[in-house]
Amino acid sequence: MSGSAIGTDSPAAEMAAATPTVTQKDQWMVESQVFHTYQHYSSLPSKAQAVLLELQRDKHMEFLTKGLRQLGPSFSVLDANRPWLCYWIIHSIALLGDSVHDNLEQSAVDFLNRCQDPEGGYGGGPGQASCFAILYVFYRIDICFLLPHLATTYAAVNTLTTLGGYRSLSSINRMHHGGEIDVRACYTAISVASALSILDDELVQNVGNYILSCQTYEGGIAGEPGSEAHGGYTFCGFATMLLINEANRLDLARLIDWVVFRQGVEGGFQGRTNKLVDGCYSFWQGNKVLKELLSLTRLPIVGREVEGGFRDKPGKNRDHYHTCYCLSGLSAAQYSYSEDADSPPLPRAVLGPYSNLLEPIHPLYNVVLERYYEAYEFFSRR
Ligand SMILES: [Zn+2]
């Protein structure tokens, strides 16, 4: 095809090869930053290496509890996601094997109660109302009510499950009508219903067919039929199929292939084909291929912040979301070789000192395993 417009040696192709895309440049930058970290690590004496690998629990706790008490003005963009902030922070604290002070726990339960709609479900924050305009037009009655959302409901229920105890668990009203339509909505609805022991045939009807229609030619799962496969939706779709006992309907060989090939040469996982790696996908992707993981355990070196907390990748700022999912992915990796929940991981499964061992999670709900069992017993008796 020499000289043709579509040939690989055409002037256009040569120019494209000489002019890297923005994504290519970003990819090279991430690779160089990550390899620089690995080089620095391997040049250190073994004592200094051990210090570098140690999970700075006190600093992570300081970052997390500070966020639970007060957040700066830059967080106003997350105002409709306040139950998520509770979940990211409180779940991270639980993963570290710690708990919040009693008065902070009470405040969190009270706060989430104020996000709860009387008809069930949780909104993005207290007072985030949707007004009944029709009632206003005809009757001049301005009735406001909370607008519950499936994703924030999942975050609130997981937070209350993580806090555990009667006060927290009994505050959940197990009703919710309506919601959104995509794979994340399927997961959050099925996960919450399953955790609260209200999953029934009616709720499960056609869910499997919908998720099946979202598995793409690549093998991963998209948010909606016809969209691109994505790590977060692949977790949501696969976890849902496991929760409704229909996982075998998926093309599992292709799904595993897709997930395995999302690993970058620099370690970690990318969320979509040809995108940059990101620490949070160590949970979204790493969770599904636990036995195949090789690079995941390197993440604490490159993803952590000296001041506590985790970040997306070198060069980014720490945040609560990435702290939650980097720790969740790390926990999943540490326990991936355990034969059962009662046998603790062998030292070789834990990168750095054995004190880096986190609490085990339930991989389908992403709450600390012991808190899941407590909630399961509580709701199955009701
Ligand atoms: Zn991320």
(request) Quickly run through segment 27-36 and pick out the residues that are surrounded by 14 or more Cβ atoms within 10 Å (Cβ to Cβ) and not β-branched (Val, Ile, Thr). (result) Gln27, Met29, Glu31, Gln33, Phe35
(request) Kindly list, by first and then second residue, each pair from a residue in segment 272-289 that is under 13 Å from Trp258 (Cβ atoms) and modelled with pLDDT under 80 to a residue that is more than 9 Å from the ligand (Cβ to nearest atom) and of a type in the set (Phe, Trp, Tyr), limited to pairs with Cβ atoms under 8 Å and residues at least 6 apart or on different chains. (result) Gln285/Phe235; Gln285/Phe269; Lys288/Phe235; Lys288/Phe238
(request) Find the helices (runs of 4 or more DSSP H) located wholly in segment 191-280 whose residues include 3 or more that are over 25 Å from Tyr372 (Cβ atoms), and list them. (result) 207-212, 252-260
(request) Could you grab me the full set of residues in segment 325-359 that are under 15 Å from His91 (Cα atoms), hydrophobic (A, V, I, L, M, F, W, C) and either within 16 Å of the ligand (Cβ to nearest atom) or surrounded by fewer than 21 Cβ atoms within 10 Å (Cβ to Cβ) (or both)? (result) Cys326, Leu327, Leu330, Ala332
(request) Considering only segment 265-289, state which residues are within 13 Å of the ligand (Cβ to nearest atom) and among the small types (Gly, Ala, Ser). (result) Gly268, Gly271, Gly279, Ser282, Gly286
(message) Suppose the filter is free of Cβ contacts under 8 Å to residues at least 12 places away in the same chain and farther than 25 Å from Lys25 by Cβ; does Gly237 pass it?
(response) no
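In segment 310-324, which residues are touching a strand residue (DSSP E or B) at 6+ places or on another chain (Cβ under 8 Å) and either assigned to a helix (DSSP H, G or I) or not hydrophobic (A, V, I, L, M, F, W, C) (or both)? Even if it seems obvious, please write down each step before you answer.
Quick first cut of segment 310-324, residues touching a strand residue (DSSP E or B) at 6+ places or on another chain (Cβ under 8 Å) only: 310-313, 317-319, 322-323.
Of everything in segment 310-324, those that are touching a strand residue (DSSP E or B) at 6+ places or on another chain (Cβ under 8 Å) and either assigned to a helix (DSSP H, G or I) or not hydrophobic (A, V, I, L, M, F, W, C) (or both) turn out to be Arg311, Asp312, Lys313, Asn317, Arg318, Asp319, His322, Thr323.
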(request) Identify the residue in segment 240-270 that is within 23 Å of Lys25 (Cβ to Cβ) and either surrounded by fewer than 21 Cβ atoms within 10 Å (Cβ to Cβ) or among the β-branched types (Val, Ile, Thr) (or both) and, among all such residues, is modelled with the lowest pLDDT. (result) Val265
(request) Could you tell me which residue of segment 48-67 is modelled with the highest pLDDT, considering only residues that are of a type in the set (Gly, Ala, Ser) and more than 21 Å from Ile93 (Cβ to Cβ)? (result) Ala48
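The values are calculated or read from the model by the stated rules, or taken from the named source; none is laboratory data. Only a predicted model underlies this, so the values are computations on that prediction, with no experimental measurement involved. Using ideal geometry, Cβ is built from the backbone for each residue, glycine included, and neighbour counts are taken over all protein chains shown.
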